[in-house]
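Colleague: The structure that follows is given in the form of structure tokens.
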Amino acid sequence: MTSRKLPSGPVAGIAAGVLGLGVAELIAALARGASPLLALGDRVIDLTPRWLKEAAVSTFGTADKPILLASVALVTLVLLGAAGALAVRRPLLGAGMLVLLGAVDIAALLADRAGNGTTGIVALLIGLAVGITALVLLTRQIPDTATPGATTGTASEATAPDGFDRRKFLTAAAAVTAVGAAGGIGAKVVTGRRHPSAKVAIPSAVSPAAPLAEGAALRIDGLTPFVTPVEDFYRIDIALLTPRVDLADYRLKIHGMVDKPVELTYEDLLAMPLYERRVTICCVSNEVGGDLIGNATWTGVRIRDVLKQAGIDPDADAVKSSGADGITIGTPLEALTDGRDALLAIAQNGEPLTQDHGFPVRMVVPGLYGYVSATKWLTDLEVTRFDDFRAYWTDRGWSAEGPIKTQCRIDIPGDDVMPGERTIAGVAWAQHRGVSKVEVRIDDGPWQPATLAAEDSIDTWRQWTYRWAATEGEHHIQARAYDRTGTPQTADEAPPAPNGATGYPTRTVTVG
Ligand SMILES: Nc1nc2c(c(=O)[nH]1)N[C@H]1C(S)=C(S)[C@@H](COP(=O)(O)O)O[C@H]1N2
Ligand SMILES: [Mo]
């Protein structure tokens, strides 16, 4: 019985901590300040070394954030438990540990770029005071040396000889925890209610997307659809909580090496000529065969139109863009002005951007990996030179420039098929060069041409199919794509870092 009892000190520490955090979160939410918890998580993401982040993305895919949050929560709970254990004998030291934890969070809030850090700090300080008070009041009840009498009492004689009423203590701790949890839930409800209404009417485009060519969008069970529904679109970003940009306050600044800086509101952007284009965007972290790629119809203002308004200094060679989550992204000026339709997108598949995909405005640049071009929650475009800055990911070892490499993926068949005529199919991409050919080979046999779906544009992927006479046994299927210059994708296997994975996608299939 004794050994199964929760140790009182840690229970008090965790209860007090949950109360303090819950209070801080609720006040921060009500006062529109940054969330102390998420600021901490964001900071941890920033400070996580690249190899660990890569491992997280490749192991957990886009679930890396919940896992990271859970780890931060676990570490916090352990530290709170330790603070409680300490506070039983040394209340000052226990309280000091909470102050220390608070200080770490204040540092994170100071570094917070997405929300109102100062309000978050005030909320945290109030939460800290409440938490320390609860810690002192709770641990004061616990006898500082656990005498046998104090811990072996049965339920019917909860009051130990030294006066420690464990049942009363646990009830108090549970109540304190519940109030804290209620505060946290309340905070979530408050921020959830305030979601920026994405109910914006997107004006019609002066230049709509060309109608889909016949035969460009095959529908085959298991084959990736040509246009990716928004809800299935991959999501990659450094933001734990996607920044909420208030449309009324939204300003896009275009400045730097320009004749005259320009500032545009959301309304200004809606009033400019809108272009609608299908573009396949892809993450540099995509492994060979991976699914961090998607194709959508994007509607927005051409970046070159906006840059023209500002007037570009001929010595500039880059645009450094910023997102409201604090990211900076460097894009070659040429890719934004050379005639490809790089967009400040406001809509994806005909609907205003979702929170996850960059509401209210994001960049979409054909031919470049997302980390050098696809800035979401876009707030700032600085015309500059690559020599004069380092973007977020460049600082972390990724290449400054990131043209998308020719690549393809095998979607079907699955791992097991019946013998006979089967379809092998997938997608291939070589954005802004275009895909000219896909080949398939079985068990290291000769390369055979696959049948390509019609080309939509050189900026989108192409589906492909191959008829396969599947015979019993285990087979290895490989595919490779060629771009329109006639260059095949390389067979050399390379990991995503620093500028995109290479190698042939391979699939092992058991037929029988
Ligand atoms: N503000 C912001 N924009 C960003 C990122 C980010 O972390 N923050 N990540 C980039 C990366 S690495 C990719 S691959 C694309 C992904 O866009 P998606 O999430 O809409 O698919 O967004 C890019 N834009
Ligand atoms: Mo990415």
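Colleague: Where in the stretch 245-286 are there strands (runs of 3 or more DSSP E), lying wholly inside it, with at least 2 residues that are in contact with a Lys or Arg (Cβ under 8 Å, 6 or more places away or on another chain)?
Modeller: It comes to 262-264.
Colleague: Tell me, please, whether a residue that is open to solvent by less than 40 Å² (accessible area, probe 1.4 Å), farther than 27 Å from A209 by Cα and modelled with pLDDT of 95 or more can be found in the stretch 238-248. Don't jump to the end; show me each part of the working.
Modeller: Going through the stretch 238-248, the residues open to solvent by less than 40 Å² (accessible area, probe 1.4 Å) turn out to be 238-240, 242-243, 245.
Retained after the next criterion (residues that are farther than 27 Å from A209 by Cα): 238-240, 242-243, 245.
Adding the requirement that they be modelled with pLDDT of 95 or more leaves none.
No; the residues of the stretch 238-248 include none that is open to solvent by less than 40 Å² (accessible area, probe 1.4 Å), farther than 27 Å from A209 by Cα and modelled with pLDDT of 95 or more.
Colleague: When you check R251 against the structure, is it in contact with an Asp or Glu (Cβ under 7 Å, 6 or more places away or on another chain), closer than 29 Å to P496 by Cα and either modelled with pLDDT of 95 or more or of a type in the set (S, T, N, Q) (or both), yes or no? Break it down into steps so the answer makes sense when it comes.
Modeller: Values: in contact with an Asp or Glu (Cβ under 7 Å, 6 or more places away or on another chain): yes; closer than 29 Å to P496 by Cα: no; either modelled with pLDDT of 95 or more or of a type in the set (S, T, N, Q) (or both): yes.
For R251, the condition - in contact with an Asp or Glu (Cβ under 7 Å, 6 or more places away or on another chain), closer than 29 Å to P496 by Cα and either modelled with pLDDT of 95 or more or of a type in the set (S, T, N, Q) (or both) - is not met.
Yes/no matrix, rows are residues, columns are (1) outside any strand (DSSP E or B); (2) open to solvent by less than 20 Å² (accessible area, probe 1.4 Å):
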residue	(1), (2)
V438	no, yes
S457	yes, no
T460	yes, yes
W468	no, yes
E474	no, no
Q478	no, no
G486	yes, no
T490	yes, no
Y504	yes, no
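Colleague: Give all pairs with beta carbons closer than 7 Å in which a residue from the stretch 234-260 that is within 17 Å of Q355 (Cα to Cα) meets a residue that is more than 11 Å from ligand 1 (Cβ to nearest atom) and of a type in the set (G, A, S); count only pairs at least 6 apart in sequence or on separate chains.
Modeller: L240/G41; L241/S35
Colleague: Could you list all residues from the stretch 337-358 that are farther than 22 Å from H432 by Cα and among the polar types (S, T, N, Q)?
Modeller: The answer is T354, Q355.
Colleague: Considering only the stretch 114-137, I want to know if a residue exists there that is at pLDDT below 75, assigned by TED's automatic domain parsing to the domain that holds G180 and open to solvent by less than 80 Å² (accessible area, probe 1.4 Å).
Modeller: The answer is yes; a qualifying residue exists.
Colleague: Looking at the stretch 405-417, can you tell me whether even one residue there is among the aliphatic types (A, V, I, L, M), away from ligand 1 (no atom under 16 Å from the Cβ) and open to solvent by 40 Å² or more (accessible area, probe 1.4 Å)? Give the derivation first.
Modeller: First pass over the stretch 405-417, keeping only residues among the aliphatic types (A, V, I, L, M): 410, 412, 417.
Subset that is away from ligand 1 (no atom under 16 Å from the Cβ): 410, 412, 417.
This time we only want the ones that are open to solvent by 40 Å² or more (accessible area, probe 1.4 Å), so: none.
Checked against the condition, which is being among the aliphatic types (A, V, I, L, M), away from ligand 1 (no atom under 16 Å from the Cβ) and open to solvent by 40 Å² or more (accessible area, probe 1.4 Å), the stretch 405-417 yields no hits at all.
Colleague: Show the residue pairs meeting these rules: Cβ distance below 8 Å; 6+ apart or different chains; first residue within the stretch 349-371 and closer than 15 Å to D237 by Cβ; second residue of a type in the set (S, T, N, Q) and more than 16 Å from ligand 2 (Cβ to nearest atom).
Modeller: Filtered contacts from the stretch 349-371: T354/Q348; H357/Q348.
Listed here are the residues, each with its yes/no results for (1) more than 13 Å from ligand 1 (Cβ to nearest atom); (2) closer than 15 Å to K253 by Cα; (3) of a type in the set (F, W, Y).
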position	(1), (2), (3)
C282	no, no, no
N286	no, no, no
G289	yes, no, no
I293	no, no, no
G311	yes, yes, no
P314	yes, no, no
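Colleague: Tell me, which strands (runs of 3 or more DSSP E) lie completely within the stretch 296-410 with 1 or more residues that are touching a His at 6+ places or on another chain (Cβ under 9 Å) and more than 16 Å from ligand 2 (Cβ to nearest atom)?
Modeller: Qualifying strands (runs of 3 or more DSSP E): 343-348, 378-384.
Colleague: Determine which single condition P273 fails, assuming it passes every other condition in (1) in contact with a Ser or Thr (Cβ under 8 Å, 6 or more places away or on another chain); (2) crowded, with 16+ Cβ neighbours inside 10 Å; (3) under 17 Å from V364 (Cβ atoms).
Modeller: The one condition P273 does not meet is (2).
Colleague: Suppose the filter is farther than 24 Å from S399 by Cβ, open to solvent by 50 Å² or more (accessible area, probe 1.4 Å) and hydroxyl-bearing (S, T, Y); does T451 pass it?
Modeller: For T451, the condition - farther than 24 Å from S399 by Cβ, open to solvent by 50 Å² or more (accessible area, probe 1.4 Å) and hydroxyl-bearing (S, T, Y) - is met.
Colleague: Let me ask something else. Where residues in the stretch 262-289 are acidic (D, E) and more than 15 Å from ligand 2 (Cβ to nearest atom), which of them is nearest to the chain's Cα centre (by Cα)?
Modeller: E276
Colleague: I've got another one for you. Against the condition out of contact with any Leu (no Cβ under 9 Å at 6 or more places or on another chain) and more than 9 Å from ligand 1 (Cβ to nearest atom), how does L353 come out, does it pass?
Modeller: Against the criterion (out of contact with any Leu (no Cβ under 9 Å at 6 or more places or on another chain) and more than 9 Å from ligand 1 (Cβ to nearest atom)), L353 does not qualify.
Colleague: Just checking, does the stretch 371-393 include any residue being more than 16 Å from ligand 1 (Cβ to nearest atom), among the small types (G, A, S) and surrounded by fewer than 24 Cβ atoms within 10 Å (Cβ to Cβ)?
Modeller: no
Colleague: Just to be sure before I move on: is D305 open to solvent by 10 Å² or more (accessible area, probe 1.4 Å), more than 14 Å from ligand 1 (Cβ to nearest atom) and under 24 Å from the mean Cα position of the chain (by Cα) in the structure I sent?
Modeller: Taking the combined requirement at face value, the residue does not satisfy it.
The values are calculated or read from the model by the stated rules, or taken from the named source; none is laboratory data. Small disclaimer: the values here were computed from a predicted structure and weren't measured. FYI the Cβ positions are ideal-geometry reconstructions off the backbone, even for glycines, and counts take in every protein chain you see. Areas reflect the complete protein model, heavy atoms only, side chains present, ligands, DNA and RNA absent. Shrake-Rupley method; radii C 1.70, N 1.55, O 1.52, S 1.80 Å.
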